[in-house]
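Working notes, beginning with the structure itself.
What follows is calculated from the coordinates using simple rules that are stated; it is not laboratory data. Small disclaimer: the values here were computed from a predicted structure and weren't measured. Cβ placement follows ideal geometry from the backbone for every residue including glycine, while neighbour counts extend to all protein chains displayed.
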Amino acid sequence: MIHAEIISIGDELSSGQRLDTNSQWLSQQLGDLGVRVLFHTTVGDELEANVQVFQTALGRADIVIATGGLGPTADDLTREAVAGATGKELVLDEAVLGQIESRFFRQARSMPQSNRVQAMFPAGCQVIPNPHGTAPGIDVEVQRHDRGPSRLFALPGVPAEMREMWNATVEPRLGEIPGVAESVIVHRRIKCFGAGESHLEQMLPDLIRRGRQPSVGITVHKATITLRVTAAAPTREEAVEQIQPTWALIHEQLGQLVYGQEDDELQHAVAQRLRARGENVAVAECGTRGMVAQWLGNVPQQEDFFQGAVVCTPTSQGAGLFSEHGIPEFGSENSVQAMALAVREHFGTDWGLAVGEFPSREEQQQGSGEFCLALAGDRQMESRMRRFAGHPDILLERSAKQALDLLRLRLLREDAAD
């Protein structure tokens, strides 16, 4: 398989001042061509560092894609760095210089002398035209003693220019390289909630091992676990076919821990089940501060299944609804159950979902705090006490997801019973 490295150039990237979106996009494009990206490298505007990065990349990757550093200013060092890394001299391309001068002429401007450098290229390279900018790209092949050649493409960092040049020139040229576009890499994602990463890995011991085909990777983001199944094959259809047995096995092993795929979130799974049943829900929230309601409200056509919410603290206006039902506080299990009943009655819905108050700061620091979730329906009341512990950056979102998951699992049981 052909391997690639993507290099992002600029102090604004290496310092964290700007997010590098080019590398993500390029990785996706290369994957569609059956090229596996092994390295992402970010380097600041320092010539020696750039030369070292290019030399390393050309030594270990079959294809190198670089973005940034092709402007006319003193800190645009990509041309000089590529020349230094490949041992080639920079030479002026008169045709490109004429194109740059013409661009300025059409804008009724004189070309600054500094833009002349944008027509300088390593000797023997091919130019990558830039239809909408003054920074053409560089396409150079470097011979290696121990294996086949490495191909370097340097493109502007401006995303719109970079993408147009990729589509018009770079991708077609890549297709001419032996081994490129001979296979397609397909990724499929399974979304899970309700267990930890290590627990899921224990449930799938053979699937996570290295070297397996298709490969299965596992990542966690804000308590949601994503299993990424990857296969490479001559065609997309064959890759998808390779994935199917692993896909089915994961669903079989994990059961109801799986709630969706690709970009699905728990609110989408809940919305799908409610719509299928022709039912709706209202929400009462204390600790989660309206997060559950916000997520449900952002699902397209939410009026089909979501009728409203009451978000409250003991001193807020929303607390009035519950005081009418004799609910003095919002932390105990009995109180949160009463909240679920009250919000269901108030909005006239099939389901009432409630999230109680979170434990005090002292209880949180001690790791001993709990909070309550409750779900009221026609058949019975259901409630759960959950530990309020873990990394503080995800506590709020994890708690809101636990509330949605309580409803999701109940709907699945109702489906099985009907």
Using alpha carbon centers only, the range 370-384 is separated from the range 30-66 by a whole-angstrom value of 54 Å
Under a Gaussian network model of the chain whose springs join Cα atoms within less than 10 Å, the largest fluctuation of Gly31, Gly260, Gly278 belongs to Gly278
Listing Ser15, Ser335 by rising number of other beta-carbon atoms within 10 angstrom, fewest first, gives Ser15, Ser335
Here the range 54-59 yields Karplus 3J(HN,Hα) values (6.51, -1.76, 1.60; θ = phi - 60°; whole Hz; Gly and Pro given as x) of 5, 4, 5, 5, 5, x
Taking trypsin sites (Lys or Arg not before Pro) in a DSSP loop with at most 13 other Cβ atoms within 10 angstrom as exposed, one finds the longest site-free stretch of the chain at 223-378
Toy charge model, Lys and Arg Cβ at +1, Asp and Glu Cβ at -1: the chain dipole around Cα centroid in debye, rounded to 20, equals 340 debye
Helix 22-32: inclination vs the chain longest Cα principal axis, degrees, rounded to 10, gives 90 degrees
GNM on the chain, Cα springs under 10 Å; top mean-square fluctuation among Gly287, Gly352, Gly16 goes to Gly16
Helix 395-417 sits off the longest principal axis of the Cα atoms of the chain, rounded to the nearest 10 on a 0 to 90 degree scale, by 70 degrees
Lys and Arg at +1, Asp and Glu at -1: neighbours of Asn22 with Cβ under 11 Å from its Cβ sum to 0
Taking the chain and counting helices only, DSSP H stretches of n ≥ 4 at -39,500 (n - 2.57) each over all residues, the nearest-500 ellipticity at 222 nm comes to -11000 deg cm²/dmol
Which of [x] 45; [y] 14; [z] 20 gives percent of Cα pairs over 37 Å apart as computed here? It is [x]
Any lysines whose Cα falls less than 27 Å from that of Lys401, other than same-chain ones fewer than 8 residues away, would be Lys191, Lys222
Candidate cut points under GluC sites (Glu not before Pro) in the range 228-282, DSSP loop plus at most 16 other Cβ atoms within 10 Å of their own Cβ, are Glu262
